[in-house]
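J.: I'd like to ask some things about the structure below.
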Amino acid sequence: MAEAIAKHLAEDVIEASSAGLVPFGEIPATTLAVLAERGFSTAGQHSKALRPQDLATSDLVINMTGRRGDSLFTRPTPPLEDWMVGDPYGYGLPVYRAIRNQIEARVADLAQRLRDSVKVQQTA
C-alpha cells in the first residue's frame, strides 16, 4: 500500500519501492480494492523480497513489520523509521481501509517533512 500511496501523493520527494522480509507473492485483491477506492494505482508493482542491495541504495527505510527495525537489520543501515500500522491480511475491508488511511497519513507527513527539508536547504 505504501508504495502506491507514495507514488500518488509524493512523487516529487519520494522514489518509492516496497519489499518484504517474507513477501506474500502477490498483492491481495483486498489491498487492490481499497487502494482503488482512493484512486491509488498499483501499476508496475509486485510482491518482492527485500535484498541487501535495496538497503544499501536507500536514503530512508520505512519498516512496517510490526517489530523494531534496529532488531531486524545489521548495521550499517540507512536512516530507518518504524511505522506500526498493522497487517490487514486475513481481515475484512474495514481493517484494510483503516490501515490504508494510517499509511496515507504517514506518507503525507513524511512527504511534508521532506518538502520542508528541501526548502530549508535551498534557503541556507
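The values are calculated or read from the model by the stated rules, or taken from the named source; none is laboratory data. Please read all numbers here as calculations on a predicted model, not as lab measurements. Backbone-built Cβ (ideal geometry, glycine too); neighbour counts: all protein chains shown. The area values use the complete protein model at the heavy-atom level, side chains included, leaving out ligands, DNA and RNA. Shrake-Rupley method; radii C 1.70, N 1.55, O 1.52, S 1.80 Å.
J.: Quickly work out the Arg67-to-Arg97 label distance, labels modelled 7 Å from Cα along the C-beta direction, and quote it in nm with one decimal.
T.: 3.3 nm
J.: May I ask you to derive the FRET efficiency for Asp109 and Ser58 from their Cβ-Cβ distance with R0 = 25 Å, giving the value to the nearest 0.05? Could the numbers behind the result be given before it?
T.: Details: r = 19 Å, r/R0 = 0.75.
Result of the calculation: an efficiency of 0.85.
J.: Taking R0 as 25 Å, what FRET efficiency do you get between Tyr89 and Gln122 from their Cβ-Cβ distance, rounded to the nearest 0.05? All intermediate terms of the calculation are to be shown ahead of the outcome.
T.: Numbers: r = 41 Å, r/R0 = 1.66.
The value I calculate is 0.05.
J.: Charges only on Cβ, +1 for Lys and Arg, -1 for Asp and Glu: so what's the dipole of the chain about the Cα centre, in debye to the nearest 20?
T.: On the way: 13 positive and 15 negative charges, 27 e Å.
Dipole about the Cα centre, nearest 20: 120 debye.
J.: Suppose we flag chymotrypsin sites (Phe, Trp or Tyr not before Pro) only when DSSP calls them loop and at most 15 other Cβ atoms lie within 10 Å. Which is the longest uninterrupted stretch of the chain?
T.: Working: sites that count: Phe24, Tyr89, Tyr91.
Formally, the longest exposed-site-free interval is 25-88.
J.: Additional query: Given a 1.4 Å probe and heavy atoms of the protein chains only, how would you sort Thr65, Thr31, Thr77, largest accessible area at the top? Display every interim value, and only then the final one.
T.: Values: Thr65 65, Thr31 15, Thr77 40 Å².
Descending order: Thr65, Thr77, Thr31.
J.: Which residues does the label zone of Glu11 cover in region 41-59, counting backbone N under 20 Å from a point 7 Å along Cα→Cβ?
T.: 41-46
J.: First select every other residue whose beta carbon is under 15 angstrom from the beta carbon of Lys119; then total the charges, Lys and Arg +1, Asp and Glu -1.
T.: Details: positive: Arg113, Arg115; negative: Asp12, Asp116.
Surrounding charge for Lys119 is 0.
J.: Sticking with this structure for a sec: Net charge near Gly66: determine it from the other residues with C-beta under 10 Å of the C-beta of Gly66, scoring Lys and Arg +1 and Asp and Glu -1. Provide the component values of the computation, followed by the final result.
T.: Working: positive: Arg67, Arg68; negative: Asp82, Asp87.
It works out to a net charge of 0.
J.: Here's another thing I want to ask about it. Just subtract the alpha-carbon distance of Thr77 and Ser47 from 0.36 nm times their residue separation and send over the number in nm, one decimal. Intermediate values should be presented prior to the final figure.
T.: On the way: separation 30, 0.36 × 30 = 10.80 nm, distance 2.22 nm.
Answer, rounded to one decimal: 8.6 nm.
J.: On to the next question. In whole angstrom, and with the biggest value first, how far do the Cα coordinates of the chain range along each principal axis?
T.: Extents along the principal axes: 48, 32, 25 Å.
J.: Looking at the chain as a GNM with Cα springs under 10 Å, which of Ser41, Ser17, Ser71 has the largest mean-square fluctuation?
T.: In this elastic network of the chain, the residue with the biggest mean-square fluctuation among Ser41, Ser17, Ser71 is Ser71.
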